[in-house]
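Comments concern the structure below.
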Amino acid sequence: MLQLLQMNKPTLNRFTEYIKRQPLWFKSACAALIFIISIIVVGIYADANLYNFTPDKSSQVFGRGMPDDPLSTFIRYDSFHYKNIATDGYTPGDAAFFPLYPLLVKGISYTTGISVSVSLFVVSAIFLIAATIVLLYWLRFELRLRKSQLSPWSIVGLLALFPTSFYVALGYSESLFIFLSVAALFAYRRGNYWIAAVTIALATATRVQGGALAIFFLVDYLSSRKWRDWKKLLPVIAAPIGIALYMTYLWMTFGNAFEFIAAQQNWGRLSGNIFENLATSFRPPYMWYLPVLAVMLWSVWKYLGKTWFIYCLVFILIPLSSGRLDSLNRYMIALPPLFLALSLYLETKPPYIRLSYIVTSVFLLAWNILLFTNDYWVA
C-alpha cells in the first residue's frame, strides 16, 4: 500500500493543486456532493447489513439486505408528511409543515416527470449544494470582519459532523431553510437589503423559525441608531409575507388561519404544563446536546455579540415554547451562527477539547443514522 501511494504521489499532488486553484463555489459544491453520497452509502449500509427490527418491532433480525427501493430507507417521519402534501395536498394534520418545500418538490416532480419520492431528495440536494456555497462565503465574510485566521472549512466541518447533520441530505426542509436564512443574513450584512427581504419572506414560508431573522434585523437596526438608513427595515417588513400567505391558505382551506399551531397538538405540543412536558420529553442523548447548546449560546454572546445572541436565543425558544424538547437537536443545525461561535470558542482551547467534541459528535452521528434507517425517532 505504501509503495502504491508513493507511486501515485505526483498524481495526488497534481490533484491537490488542481482543487486549490478552483473557486470557492466549486469546492463548496463538491464538498456538498461528497457529503450527500456519504450519507446515502452509510444509511443504506446500516439498513441493509446492521441490526433491524421486524415491522411491528416485536423481534430483531440481522442484515435484511439491500431494500428493493433504497429511497425507502430515508423516507421516514417528516418526509412522509412532505411526500403526502406534495402528492395529495394538505390535511389538518399536515398543517404543521410549512408549504415552500413541498411546493418545490411538487413542482420538480411535475415538470420533470420524476416521482415525488425522488423529487424530495432532488430538492434537498439542490439546496444543500446552494446552502454550502452561501454558507462558506458568509463564514469567510464574518471571519474577515473579526480578523480571525480560522478557516471557514473548519466551521462547515463541525456542522457536517454534528449528530443530526444527515437530515440536510434527506427529504426534510433543513437544506432549503439553511440556504434561505444564511442568504438573508449574508445579503443583509453586505447591505443588499432587497435580497434579504426576498429571502426572509421565503424563509418564513419554509419554517416558523424564519421569523427569528426579523428579530435579528430589527435589533441590528435599533442598535445602529442610524434612523435614516430605513432600507435596513425592508427585511423586517417582508418577513411576515411568507407566513401570512400560508395562514391565508389555511383560513380559506380549513377555516382556521392558525391550523399550523393546532396541528402541533398531534405531537403533544402546546398543551398541558409546559415545564412538565419539557421534563417528560427529556431523553438521555440530550445530556450531550443541551450542554453543547449552552456552550454555543455563551460563545455567541462572547464572540458574536448581543444581536446575534438574541437571534439565536429566540430561534431556540420558538420550538421550546411548544413544551417539547423533541427535534431541538435537529433545529440546531439550522442555526449556523452557533457553529461559527463554537469554532471561535474551540480555537482558544487546548486541542483535546476540540477532539473530544468531534469524537463524541461523530459517534452520535453514526448512531443516529443507524437508528433513523431502522425507523427509530431521532430528531
- Message: Taking a cut-off of 18 Å, what percent of all Cα-Cα pairs in region 131-266 are separated by more than that?
- Response: 62
- When Rg and Dmax of the Cα atoms in Å is calculated directly from the model, which label among [x] 36.5, 106; [y] 20.7, 66; [z] 21.5, 72 fits? [z]
- Message: For a bin width of 5 Å, list the pair-distance distribution of region 305-353 built from all Cα-Cα distances, rounded to whole %.
- Response: 5, 18, 24, 20, 16, 11, 5, 1
- Quick calc: nm separation of the 7 Å Cα→Cβ label points for Val362 and Ala257 -> 5.1
- Subtract the Cα-Cα distance of Arg144 and Val42 from 0.36 nm times their separation in residues, and report this length gain in nm to one decimal. 33.2 nm
- Query: Ile34 to Ala294: FRET efficiency via 1/(1 + (r/R0)^6), r the Cβ-Cβ distance, R0 41 Å, to the nearest 0.05?
  - Reply: 0.85
- List the relative contact order of the chain as a percent without decimals, with contacts defined as Cα pairs under 8 Å and 6+ residues apart. 19
- Query: How high is the FRET efficiency between Leu317 and Arg21 when r is their beta carbon distance and R₀ equals 41 Å, given to the nearest 0.05?
  - Reply: 0.35
- Segment Ser223-Thr112, length gained on full extension (0.36 nm per residue, minus Cα span): 35.2 nm
- Of all the Cα-Cα pairs you can form in region 196-340, what percent are over 21 Å apart? 53
- Message: Helix-only estimate, please: 222 nm mean residue ellipticity of the chain, summing -39500 (n - 2.57) across DSSP H runs of length 4 or more and dividing by its residues, to the nearest 500.
- Response: -21000 deg cm²/dmol
- Can you give the net charge of the other residues whose Cβ lies under 9 Å from the Cβ of Thr373, counting K and R as +1 and D and E as -1? -1
- Task: Work out how much length Leu103 to Arg283 would gain on full extension: take 0.36 nm times their residue separation and subtract the Cα-Cα distance, in nm to one decimal.
- Result: 61.4 nm
- Query: Where in the chain are the helices, taken as whole DSSP H runs, whose Cα atoms extend 24 angstrom or more along the long axis and whose Kyte-Doolittle mean reaches at least 0.0?
  - Reply: 24-49, 116-145, 351-373
- Task: Using a cut-off of 15 Å between beta-carbons, work out the net charge of the residues near Ala341 (Lys and Arg +1, Asp and Glu -1, Ala341 not included).
- Result: +3
- Item | Translational diffusion of region 61-169, µm² s⁻¹ [Kirkwood Rh, Cα pairs; Stokes-Einstein; 10 °C; 1.306 mPa s] | 97
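Quick note: the coordinates plus some simple rules give every number you see, no bench work behind them. Predicted model only: the values in this text are computed from it and were never measured. When we count neighbours, we look across all protein chains shown, and the Cβ atoms used for this are built from the backbone with ideal geometry, even at glycine.
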